[in-house]
Amino acid sequence: MPTSTRFAVAIHILTDIALYHGQAVRSEDIARSVNTNPTVVRRLLGILADAGLTYSQMGQGGGALLARPSEQISLLDIYRAVEDPLYFTLHRSKPNPKCYIGHNITPVLENEFSRITCALETALAETTIADMANRVEDCAGFPFKPPDLSSRLNN
């Protein structure tokens, strides 16, 4: 299974936006939190917007906002937006059909992968961005107080 950081970074981005409680957050500010280039953040924000999870407010004081309440955005929504929906893949080349194991392993793997996928998706669907934001605050030991972003309008 190929590894990617898109899922983790997308959760970070959406949690960041959620903690600003309705204030538009610039990609530059999110990128500082993620410790990456704003272009990476903008690319992911575009994918998340295409999935209906974020939208952009244009103009002075603009930035990214959640397209729906953080309680209604699950980790499953995010995973499906940014990653390949196949969690597990079968052999690159077909197993030997003349071999006892090779002939029978594919349907066994398909059934097992289906079972695991169902459990994984159920778990991902149970956690929301609101949950993640609350956990970040719990981990910090105090609630996040977003800076007043309206000061950007005068700069």
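Which of 143, 38, 69 ends up with the largest GNM mean-square fluctuation for the chain, with Cα atoms connected below 10 Å?
Ranking 143, 38, 69 by mean-square fluctuation puts 143 first.
Between residue 80 and residue 117, what length in nm is gained on full extension when 0.36 nm per residue of separation is reduced by their alpha carbon distance? Working shown, then result.
Numbers: separation 37, 0.36 × 37 = 13.32 nm, distance 1.26 nm.
Here the segment from residue 80 to residue 117 would lengthen by 12.1 nm.
Determine, from the Cβ-Cβ distance of residue 23 and residue 131 and an R0 of 30 Å, the FRET efficiency 1/(1 + (r/R0)^6), rounded to the nearest 0.05. Don't skip to the end; give the middle numbers.
Numbers: r = 20 Å, r/R0 = 0.68.
FRET efficiency, residue 23 to residue 131: 0.90.
Could you work out what % of the accessible surface of the chain is carbon and sulfur, using a 1.4 angstrom probe and leaving DNA, RNA and ligands out of the count? Spell out each step's value before the answer.
Working: 5460 of 9890 Å².
That fraction is 55 percent.
How many Å² of accessible area per residue for the stretch 5-67, probe 1.4 Å? The partial results should precede the final answer.
Working: 3100 Å² over 63 residues.
That works out to 49 Å² for each residue.
Taking the chain as a Gaussian network, where each spring joins two C-alpha atoms under 10 Å apart, which residue of 139, 118, 99 fluctuates the most?
Largest GNM mean-square fluctuation: 99.
Which log10 I(q)/I(0) values, to two decimals, does the chain give at q = 0.14, 0.18, 0.20, 0.21 Å⁻¹ under the Debye formula with one point per Cα?
-0.75, -1.07, -1.25, -1.35
Trypsin sites (Lys or Arg not before Pro), restricted to the stretch 57-112: which are DSSP loop and have at most 15 other Cβ atoms within 10 Å? All intermediate terms of the calculation are to be shown ahead of the outcome.
Numbers: sites: 80, 92, 98; in loops: 92, 98.
Sites meeting the loop and neighbour criteria: 92, 98.
If R₀ is 35 angstrom, what is the calculated FRET efficiency for the pair residue 148 and residue 56, using the beta carbon separation as r and rounding to 0.05?
Numbers: r = 20 Å, r/R0 = 0.58.
After rounding, the FRET efficiency stands at 0.95.
The values are calculated or read from the model by the stated rules, or taken from the named source; none is laboratory data. Only a predicted model underlies this, so the values are computations on that prediction, with no experimental measurement involved. All Cβ positions, even for glycine, are placed from backbone atoms using ideal geometry, and neighbour counts span all protein chains on display. When the accessible area is computed, the model is the full protein with side chains, heavy atoms only, and any ligands, DNA or RNA have been set aside. Shrake-Rupley method; radii C 1.70, N 1.55, O 1.52, S 1.80 Å.
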